[in-house]
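Notes follow the structure.
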Amino acid sequence: MAGPMLDVLVIGAGPTGLAAALELARRDVAVRIIDAADRPFGGSRGKGVTARTQEIFDDLGVIDDLERVGWRHQPRRVTVGGKVVSDSAPDAGAEPTPDRPYPSGLILPQWRTEEILRNRLRESDIQVDYGVRAISADVVDDHVQVTTERDSLRARYVIGCDGGHSGVREWIGARFDGHGGMQAMYVGDVEVAGLAPDRWYQWTDPTAGFAALCPFRDSATWQFQGVQFAAFDNDGEFAEPSLDTLQQTLNAVTGERAIQLSAPTWMSRWRVNVRLSDRFREGRMFLAGDAAHVHSPAGGLGMNTGIQDAYNLGWKLAAVLDGRADERLLETYATERVPIAEWTLGVSTAGLEKMTAAMQDSTATTLIPATEDGQQLGLGYRWSSLSHQTDAYETRSGGVQAGDRAPDGRCTGPDGNIIRLFDAFRGTHAAVLGIGDAAEAAQALTLRVNVGHTRTVTSDIDQTRNIYCGSSTGGLYVVRPDGYIGFAGTADDDGEAAAYLHLIGAAD
Ligand SMILES: Cc1cc2nc3c(=O)[nH]c(=O)nc-3n(C[C@H](O)[C@H](O)[C@H](O)COP(=O)(O)OP(=O)(O)OC[C@H]3O[C@@H](n4cnc5c(N)ncnc54)[C@H](O)[C@@H]3O)c2cc1C
């Protein structure tokens with residue numbers, strides 16, 4: 001017997017599924033989230049939270065929780081062949097700027113990020129249903145019927161956030177093309193004696209292998225990563241992880257026995273796999289996160305990209321379910337996210353190649369390169385059918401373009417005080433943003449159009465105008481609920497801005 005009709009069923013409660021459920025729940029969508037596992041995942045694997053994901057967590061109201069338990073500017077000590085070759089935080093000098101409040105990545109274990117998202121979800125009265133494995137899904141008339149090991153569920157839409165071995169991907173008949181590789185390593189969470197927990201230690205020995213130990217704030221456990229070249233047999237296989245194999249790897253690579261590992265809480269083997277689903281949607285079923293794309297952990301983009309998939313899809317599904325936007329809005333999920341996934345596969349593959357080369361280079365000073373790309377702030381959707389820019393805006397030079405991430409800045413708040421743009425954007429709404437000479441047009445537009453799902457924001461602060469408009473006198477923008485500039489025009493383009501608000505379901 002199928003239960004009541006849900007709006008959305010999220011299958012999988014990793015970081016992607018939790019972010020998707022949260023995005024929907026805070027828009028009052030009837031959502032349920034199930035996970036096959038008996039309990040929350042307890043490993044540290046995706047430990048890097050990029051600057052862009054921090055902006056999303058700011059919007060979701062959880063950034064303070066992350067900053068409390070995460071480390072920013074964590075120093076790294078790199079030792080090559082027994083010699084310390086660098087000992088500093090790669091982003092030590094990075095400070096917040098007016099357009100970019102989160103200057104660098106945060107390091108915290110993935111289980112903590114998931115815990116913070118679960119706690120936030122609970123505030124919307126949604127709990128993950130653990131121990132519920134989905135085993136098939138069929139589209140029936142206007143909904144999807146999902147069979148689990150326990151019962152049958154009905155939902156208007158399903159989001160498959162069920163990880164790299166996704167069943168949803170199989171059920172929609174998608175191919176997962178790509179390749180596996182030889183690169184592999186152990187990962188695990190252990191306690192460590194013999195090292196001060198004040199930096200991320202990375203060792204390489206061109207003949208022995210690679211090892212790293214990363215401590216976490218307010219936690220006894222560290223993340224171990226490492227591989228010993230001699231551990232592979234002729235077929236490229238290597239032993240199951242155990243405390244002994246982790247310790248042997250560490251000893252072989254560091255050439256000493258002074259560091260002792262103990263009390264493992266999670267251990268795993270990882271082997272590179274670079275694959276992309278040939279579709280991210282089939283009718284009422286979507287794929288997000290590792291279910292849609294997997295790649296090397298070099299650069300630490302997997303969890304971040306999954307969360308950003310969910311952030312792209314959530315507001316669109318809510319607007320369509322609510323009848324505010326046409327169903328065609330959902331087509332833009334794949335057109336926007338597939339190129340981002342392709343980019344992610346490319347940069348993480350390049351990052352892994354650099355890391356592999358550095359491991360075999362006795363003159364290397366960096367093993368895990370920290371890149372600007374890696375913060376994901378430059379990613380956007382300029383090519384998207386949802387990125388509209390008027391001809392008048394086009395002729396200007398400098399400033400942001402439709403499709404770009406909407407930068408932070410300062411603006412006048414409701415009480416006349418100066419606040420951050422991100423304070424004004426925070427929440428489930430879109431924003432009509434009038435800067436400089438377009439401030440009046442923005443006000444007039446929101447009086448004329450019934451913009452129940454939009455907030456008007458104006459700024460006449462020079463610094464903000466420079467960030468957004470370059471050398472121009474102003475600009476009229478619509479910032480999508482996920483913080484990208486959907487529409488860019490001039491003060492005279494209010495008619496086109498109004499049409500755009502209807503297109504994205506931000507006007508009734
Ligand atoms: C060593 C290592 C280091 C990494 N470092 C980083 C990093 O620094 N930064 C980063 O962004 N990423 C990193 N990653 C990648 C990151 O861990 C993953 O990309 C991320 O976990 C993907 O999240 P997800 O929610 O899409 O999938 P998952 O976390 O795999 O979650 C999928 C969930 O679906 C559930 N499930 C599966 N099948 C079913 C079913 N049939 N029914 C119900 N539930 C189901 C599973 O139980 C699971 O809980 C790293 C990965 C590794 C291995």
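The values are calculated or read from the model by the stated rules, or taken from the named source; none is laboratory data. Model, not experiment: these values are computed from the prediction. FYI the Cβ positions are ideal-geometry reconstructions off the backbone, even for glycines, and counts take in every protein chain you see. The protein model used for the area step is the full one, side chains on, heavy atoms only, and it has no ligands, DNA or RNA in it. Shrake-Rupley method; radii C 1.70, N 1.55, O 1.52, S 1.80 Å.
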May I have the pair-distance distribution P(r) for the range 327-448, computed from all Cα-Cα distances with 10 Å bins from 0 and rounded to whole percent?
10, 27, 29, 19, 11, 4, 0
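Could you give the size of the charge dipole of the range 388-503 about its Cα centre, using +1 on the Cβ of each K and R and -1 on the Cβ of each D and E, expressed in debye and rounded to the nearest 20? Display every interim value, and only then the final one.
Numbers: 9 positive and 15 negative charges, 78 e Å.
The calculation lands at about 380 debye.
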Can you pull out the trypsin sites (Lys or Arg not before Pro) in the range 163-230 whose DSSP state is coil and whose Cβ has at most 15 other Cβ atoms within 10 Å?
R175
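For the range 401-476, count the residues as N, evaluate 2.2 N^0.38 Å, and divide the Cα radius of gyration by that value, please. If you can, show how the numbers build up before the last one.
Numbers: Rg = 11.6 Å, N = 76, 2.2 N^0.38 = 11.4 Å.
Taking N as the residue count of the range 401-476, the ratio is 1.02.
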Which residues qualify? For R455, with a placed amide H closer than 5 Å and at least 5 residues away or on another chain, they are A430, A431, V432
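Given the convex hull of the Cα atoms of the range 113-233, what is a quarter of its surface area in nm²? Numbers along the way, then the final one.
Working: hull surface 49.9 nm².
Taking the Cα atoms of the range 113-233, their convex hull projects to 12.5 nm² on average.
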Any aspartates and glutamates with Cα under 15 Å of the K354 Cα? List them, leaving off those in the same chain fewer than 8 positions away.
D373
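Please report the relative contact order for the range 388-503, taking Cα pairs under 8 Å with a sequence separation of at least 6, and give it as a percent rounded to a whole number. Can you show the working numbers first?
Numbers: 248 pairs, mean separation 40.4, N = 116.
Once divided by the residue count of the range 388-503, the mean separation gives 35 percent.
How long are the semi-axes of the ellipsoid equivalent to the chain, from square roots of 5 times the Cα gyration tensor eigenvalues, in whole Å, largest first?
Values: eigenvalues 327, 165, 74 Å².
The three semi-axes for the chain are 40, 29, 19 Å.
Please work out how much length the chain gains when fully extended from E331 to T412, using 0.36 nm per residue of separation minus the C-alpha to C-alpha distance, in nm with one decimal.
Details: separation 81, 0.36 × 81 = 29.16 nm, distance 3.55 nm.
Fully extending the segment from E331 to T412 adds 25.6 nm.
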Span from the the range 84-142 Cα centroid across to the the range 182-201 one, whole angstrom
21
Hey, got the dipole for the chain? About the Cα centre, +1 on K and R Cβ, -1 on D and E Cβ, debye to the nearest 20?
620
Are there any helices in the chain, counted as whole DSSP H runs, that stretch 27 Å or more along their axis by Cα and score at least -1.0 on average by Kyte-Doolittle, and if so which?
302-321, 331-359
What residue among A491, V432, A51 has its Cα farthest toward the positive end of the dipole of the chain, where the charges are +1 on Lys, Arg and -1 on Asp, Glu, each on the Cβ?
A51
For the range 1-148: accessible area per residue (Å², 1.4 Å)
40
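Can you check what the net charge comes to around R426, using other residues whose Cβ is under 13 Å from the Cβ of R426 (Lys, Arg +1; Asp, Glu -1)? Before the final figure, lay out the partial values.
Details: positive: R26, R420, R455; negative: E55, D58, D59, D64, D408, D423, D482.
Residues near R426 contribute -4 overall.
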